[in-house]
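Q: Below are the structure tokens for one structure; questions will follow.
Read-outs: derived from the displayed coordinates by stated rules, not from any lab. Since this is a predicted model, take the numbers as computed values, not measurements. Cβ atoms come from the backbone with ideal geometry, glycine included; neighbour counts cover every protein chain shown.
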Amino acid sequence: MIEEQSVVKVGMADLNVIQHSGIIRTVGLGSCVGLTMYDPQIKLAGMAHVMLPSSDIAREGQLNIAKYADTALPALLERLLELGASPLRIVAKMAGGSQMFTFAGSGDTMRIGPRNVESCKAKLAELRIRLIAEDTGGNYGRTIEMDASTGILHIRSVQTGVKEM
Amino acid sequence: MEVFKHFKEFKMDVLREVGNIGAGNAATALSRLLNKPVDMAVPKVQLLPFEEISEKVGGAEQVVVAIFLRVEGEAPGNLFFILSPEAAKSLLNRLVGFPSETDGMFNEMEQSALCEIGNILAGSYLSSLADFTKLSMYPTVPALAMDMAGAILSFGLLQFGHMGDDALLIDTTFLEGDHEVEGQFFLIPDPDSFAKIFKSLGVPIDHD
């Protein structure tokens, strides 16, 4: 009998964790950034699907912390630490942040992908989490999934197929 | 965002009419291009969580062809014209006579033709809307993408991102008689545009 792997889905502007085995996945990353944090020793994987670079511009009543790079990353780190991860062992990977459409005279909204990437990197540096791999930029969408038992991140896109990192 | 939850049915009707007029004209334009009747479903106006918006075209991972135009002017927003790759090939085949093999890729000529078709349809959508509302609305040069629906549509939700986890969209499906060309128009006005649209149509905004 084949044991079915459990899959945790992370929606847009959402974050979650999975431990020991199974897969954590987020689909259809465009300008959004999928960021993972992994503690190899306790096989704990966390993933956030970040939509916007900064919560400064938020106009919503109840802030969805998973939506903004500057709030989602600390929240994800906290979830991992609560579950026993060590900040020294945690490594981060990220994918996405593409520019789906290009126009002449593109304003800031058009550059949201690269800005998401920059903001995530700045926050990681501030949190002192090592970024060990990234597949960002370009003009195409990505679906990413991390295997909790290995910490390997699979990245799938329509044009370039599947890659691992 | 809360404010949209309180839109009364009456206001939804107004927005439905907005979609009806816009997409109706676009469907007429398509029908002229194809020289065939094109049917249109009654527009749906829905406040949807971001996640569910891509469900409307088959899920976040579904590969779609999208022509995207940013609407500028007094009531800015995002306009998407979405087709399946097969429908896009079929459309190209009938309009320009390109072979309709679906190897899943579009060459430069095909991309350019698709952009132009999108431009014509979106132009007629917007100009009828502008006439109706007396607001100036003009499209940017269209951009084409063939990719995962989630990746494409999320781009149109950024303006809503600051405000909540839902977006209000006006969705119209149309299909050609024999169903070979089926497409969808998504108009996602920026959050601030709704008040302007209502105001110009004489809908009171204060008493929700």
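Q: Once both labels are modelled 7 Å past Cα along the beta-carbon direction, what's the B:GLU61-A:ASN139 spacing in nm?
A: Spacing of the two 7 Å Cα→Cβ label points: 2.6 nm.
Q: I've got another one for you. Would you mind finding the longest exposed-site-free stretch of chain B, with exposed trypsin sites (Lys or Arg not before Pro) meaning DSSP loop and at most 11 other Cβ atoms within 10 Å?
A: On the way: sites that count: B:LYS8, B:LYS134.
It runs B:9-133.
Q: To continue, here is another question. Could you calculate the FRET efficiency of B:ASN35 with A:ARG128 from 1/(1 + (r/R0)^6), where r is the beta carbon distance between them and R0 is 56 Å, rounded to 0.05?
A: On the way: r = 65 Å, r/R0 = 1.16.
Taking R0 as 56 Å, the efficiency between B:ASN35 and A:ARG128 is 0.30.
Q: While we're here: With a cut-off of at most 13 other beta carbons within 10 Å, and DSSP calling the residue loop, which trypsin sites (Lys or Arg not before Pro) in segment A:16-59 qualify? Please list them. Let's see the in-between values first.
A: Values: sites: A:ARG25, A:LYS43, A:ARG59; in loops: A:LYS43, A:ARG59.
Listed in order of number, the matching sites are A:ARG59.
Q: If you plug each phi of segment B:10-27 into the Karplus form 6.51 cos²θ - 1.76 cosθ + 1.60 with θ = phi - 60°, what whole-Hz ³J(HN,Hα) values come out, in order, with x for Gly and Pro?
A: My calculation for segment B:10-27 gives 4, 5, 4, 4, 4, 5, 4, 5, 4, x, 4, 5, x, 5, x, 5, 5, 5 Hz in order.
Q: Which is the longest part of chain A that has none of the GluC sites (Glu not before Pro) sitting in a DSSP loop with at most 14 other Cβ atoms within 10 Å?
A: Numbers: sites that count: A:GLU3, A:GLU4.
With GluC sites (Glu not before Pro) excluded where exposed in loops, chain A gives A:5-165 as its longest stretch.
Q: Please give, to one decimal in nm, the separation of the simple spin-label points placed at A:ILE42 and A:SER149, each 7 Å out from Cα toward the Cβ.
A: Simple spin-label model gives 2.1 nm for this pair.
Q: On to the next question. What number, rounded to the nearest 500 deg cm²/dmol, is the helix-based mean residue ellipticity at 222 nm of chain B, given -39500 (n - 2.57) per DSSP H run of at least four residues and division by all its residues? Intermediate results must be reported in sequence, preceding the final value.
A: Values: 8 runs with 89 residues, N = 208.
It lands at -13000 deg cm²/dmol.
Q: Hey, can you grab everything whose amide H is under 5 Å from the amide H of A:ASP135? Only 5+ residues off in sequence or another chain; H modelled, so Pro and N-termini drop out.
A: Those qualifying (amide H under 5 Å, at least 5 residues apart or on another chain) are A:MET94, A:ALA95, A:GLY96.
Q: By count of other Cβ within 10 Å, fewest leading, how are A:MET37, A:MET94 ordered? Numbers along the way, then the final one.
A: Details: A:MET37 30, A:MET94 27.
Fewest-to-most ranking of A:MET37, A:MET94: A:MET94, A:MET37.
Q: Of A:LEU80, B:LEU47, A:LEU73, how do they rank once you tally other Cβ atoms within 10 Å and put the fewest first? Mind showing how you got there, number by number?
A: Values: A:LEU80 23, B:LEU47 15, A:LEU73 26.
Fewest to most other Cβ atoms nearby, the residues stand as B:LEU47, A:LEU80, A:LEU73.
Q: Something else: Please report A:HIS20, A:HIS49, A:HIS154 as a ranked list, fewest other C-beta atoms within 10 angstrom at the top and most at the bottom. Each step should come with its number before you reach the end.
A: Numbers: A:HIS20 11, A:HIS49 27, A:HIS154 16.
Least to most surrounded, the residues fall as A:HIS20, A:HIS154, A:HIS49.
Q: I would also like to ask the following. Over chain B, with a Gaussian network built from C-alpha contacts below 10 Å, which listed residue (B:ALA75, B:ALA41, B:ALA149) shows the highest mean-square fluctuation?
A: Comparing B:ALA75, B:ALA41, B:ALA149 in a Gaussian network model of chain B, the most mobile one is B:ALA41.
Q: Can you tell which of A:GLY113, A:GLY46, A:GLY137 shows the greatest fluctuation in a Gaussian network model of chain A with Cα springs below 10 Å?
A: With Cα springs under 10 Å in chain A, the top fluctuation among A:GLY113, A:GLY46, A:GLY137 is at A:GLY137.
Q: Give me a comma-separated list of calculated 3J(HN,Hα) values for segment A:120-130, in order, Karplus coefficients 6.51, -1.76, 1.60 applied at θ = phi - 60°, integers in Hz, x for any Gly or Pro.
A: Each residue of segment A:120-130 in turn: 5, 5, 4, 5, 4, 4, 5, 7, 6, 10, 7 Hz.
Q: Between the alpha-carbon centers of segment B:115-174 and segment B:53-112, tell me the distance in whole angstrom.
A: Cα centroid of segment B:115-174 versus Cα centroid of segment B:53-112: 12 Å apart.
Q: Per-residue Cβ counts within 10 Å, from other chains only, averaged over B:138-150: what number is that? Write out the running numbers ahead of the final one.
A: Details: counts 0, 0, 5, 3, 2, 6, 1, 8, 4, 11, 12, 4, 12.
What the average comes to for B:138-150 is 5.
Q: R0 = 25 Å: FRET efficiency of A:VAL7 with B:PHE98, Cβ-based, nearest 0.05?
A: Details: r = 40 Å, r/R0 = 1.58.
E between A:VAL7 and B:PHE98, to the nearest 0.05, is 0.05.
Q: Can you classify segment A:32-72 as rounded, prolate or oblate using the Cα gyration tensor, where a ≥ b ≥ c are the square roots of its eigenvalues, rounded means a/c under 1.5, and otherwise it's prolate if a/b beats b/c and oblate if not? Before the final figure, lay out each step's value.
A: Numbers: a/c = 3.70, a/b = 2.62, b/c = 1.41.
Prolate shape, in that a/c is at least 1.5 and a/b is the bigger ratio.
Q: Among the listed pairs A:LYS67/B:LYS196; B:LYS11/B:LYS36; A:LYS121/B:LYS56; B:LYS36/B:LYS56; A:LYS121/B:LYS196, which have their C-alpha atoms separated by more than 31 angstrom in this model?
A: Too far apart for the 31 Å limit: B:LYS11/B:LYS36; A:LYS121/B:LYS56; A:LYS121/B:LYS196.
Q: Something else about it: Kindly write out, for segment A:19-26 in residue order, the coupling ³J(HN,Hα) from the Karplus curve 6.51 cos²θ - 1.76 cosθ + 1.60 (θ = phi - 60°), rounded to whole Hz, with x marking Gly and Pro.
A: 10, 6, 8, x, 10, 10, 9, 9
Q: Further question on the same structure: Would you mind telling me which residue in A:GLN41, A:GLN62, A:GLN19 has the biggest mean-square fluctuation in a Gaussian network model of chain A, where springs connect alpha carbons within a distance under 10 angstrom?
A: A:GLN62
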